[in-house]
């Protein structure tokens, strides 16, 4: 057996490090790729719901390929706590993975092969067996049916929850809905390791709410509105889409029930320092779909004229333990969407990531230093 000189092994190792450093931090996308993903992840997240009023569910890709997603649900308990407008936040969380397969094998060889989904709880990032504010435990539902008029009442359901009981931690099933909605083939493969780290940070820092909307909080909206948020890449490198979907179920006096869901999208831009750490950025609400001339857009825009929600980017919280008071909110980036044309709208804000992440372990070397890392530059809000 021929020995390989140590110097040669060191050279290979150094070359591997050099190649890793040269990997692009974030890649450009075409408008068509972004629109494709907006629609695809929108169809997927429509199939999910959470049995907890006020909750926020986040979903993002965990691989450049198709069919692998990560998710996080937070109870999203944000409220005004004094007559002077002081705010408070606390939260419990349920983290999960979602795996989609183009084909699933069955015990019965005569049964037609179908697409399959697997929903799995990640226990190390979840608050388990903790009754929450009288609502019980967090419960996630997913419907695999070809059509999903109301994800709160799934016909081919997958369910997981924060209970430790057997069967609550994992669910899988097969259904044609995954192929009907074209959820098995990715719109593009331009998702980097850096992007995936940013997705996870955004899921822990971004919080939509109807309970801190300005100028006046709608009590019914605060109590009944839940949120789903899709996080994915935008066109330019280091830019990201945050598509918030407020949703609610309702029933009238005659017992007829319905479901409502709209899209409220935002654009996030990031800046890095030469060491690969997040420094600053901006968050911007995208335009309303309806224009003054009566024309209507269908993608990349706010689908409702009166969102009545706030969006905060806060320091990440330790769920189930910490309570964040007014000092944390003063550090946050904050947007407010009242209604189209309102004087109370705040449609753009600066995000100080260095400050928001200063007490976490998440902002060290997000991107490898070296070639491909953008230089830090100044940022101006227009």
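Structure notes:
- Nitroxide proxy distance, nm - points 7 Å out along Cα→Cβ at residue 236 and residue 220: 4.1
- Between residue 362 and residue 97, residue separation times 0.36 nm minus the direct Cα-Cα distance comes to 93.4 nm.
- Percent RCO, i.e. relative contact order, over the range 193-280, from Cα pairs under 8 Å lying at least 6 residues apart: 19
- Quarter of the Cα convex hull surface for the range 119-181, i.e. its orientation-mean projected area (nm²): 5.0
- Stretched out straight at 0.36 nm per residue, the stretch from residue 249 to residue 196 would grow longer than its current Cα-Cα span by 15.9 nm.
- Volume of the Cα convex hull of the range 28-356, divided per residue and given in Å³: 162
- The chain: most fluctuating residue of 227, 329, 106 per GNM, C-alpha cutoff 10 Å: 106
- Computed E for residue 345/residue 322 - FRET, C-beta separation, R0 30 angstrom, nearest 0.05: 0.45
- Modelled spin labels at residue 129 and residue 184, positioned 7 Å past Cα toward Cβ, are 3.9 nm from each other.
- Centre-to-centre separation between the Cα atoms of the range 287-324 and those of the range 198-242: 6 Å.
- Likely footprinting exposure, 36, 289, 257, fewest C-beta neighbours within 10 Å first: 257, 36, 289
- Residue with peak Gaussian network fluctuation, the chain [Cα springs, cutoff 10 Å], from 120, 180, 25: 180
- Of the residues 49, 249, the one with the fewest other Cβ atoms within 10 Å heads the list, and the complete ranking is 249, 49.
- Within the listed set 243, 143, 181, the Gaussian network model of the chain (springs between alpha-carbon atoms below 10 Å) gives the highest mean-square fluctuation for 181.
- Computed over the range 28-356: relative contact order in percent, which uses C-alpha pairs under 8 Å that are six or more apart: 18
- As a calculated quantity, the FRET efficiency between residue 108 and residue 176 at R0 = 22 Å, using C-beta atoms, amounts to about 0.80.
- Residue order, fewest to most beta carbons within 10 Å, for 253, 123, 359: 253, 359, 123
- Kirkwood hydrodynamic radius of the range 31-168, from inverse mean 1/r over distinct Cα pairs, in Å: 16.8
- The value for the range 191-328 of Rg(Cα) / (2.2 N^0.38 Å) is 1.21.
Any read-out appearing in this document is the output of simple, stated calculations on the displayed coordinates, not a laboratory observation. Please read all numbers here as calculations on a predicted model, not as lab measurements. Positions of Cβ are generated from backbone atoms using ideal geometry, with glycine treated the same way; all protein chains shown enter the neighbour counts.
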